[in-house]
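For reference, the structure discussed in these notes is given below.
Read-outs: derived from the displayed coordinates by stated rules, not from any lab. This is a predicted model, so every value here is computed, not measured. All Cβ positions, even for glycine, are placed from backbone atoms using ideal geometry, and neighbour counts span all protein chains on display.
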Amino acid sequence: MKKFLRTAVSLTMVAAMVLGTGCARGGSDDAAAGDGGETIELKLAHIYSTNSNEDKYFNEFKNRVEAETDGAVTVSIFPNSQLGSEAETMQQVVLGTVDIAFGEGSSWANAVNKPELGVFGLPYL
């Protein structure tokens, strides 16, 4: 049980670091305030088609982020594996060329070299 909790906390910390890094890239404090400063552009990559439910969710995310920040943060979505496979886009997040990538836990385990994150890809028994 302790090992599971440790793994869950580790995954949460990795997710927070990835999202925090993506949100902190570029721009200035003025842009975050939405007063006409520089805009921050986030790149979101995924492997799903443009008609999929996942893509609809990502577009809703884009609309909400842009509305809540009054346009200070924009989200560019790259569907259909435009920027690479699931594993490649996760590696791009690690390298900092993509801000957000959607993928399964075992793919993140490989991307960040943390095999314990693969537990989230196991089947439920």
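Electrostatic bookkeeping for E104 treats Lys and Arg as +1 and Asp and Glu as -1; over the other residues with beta carbon under 13 Å from its beta carbon, the sum is -2. Close amide H pairs (under 5 Å, H built 1.01 Å from N) link F78 with L44, A45, H46, residues at least 5 positions away or on another chain. Each label point was placed 7 Å from the Cα along the Cα-to-Cβ direction; for N53 and A67 their separation is 2.1 nm. By other beta-carbon atoms within 10 Å, ranking V65, V93 with the fewest at the front produces V65, V93.
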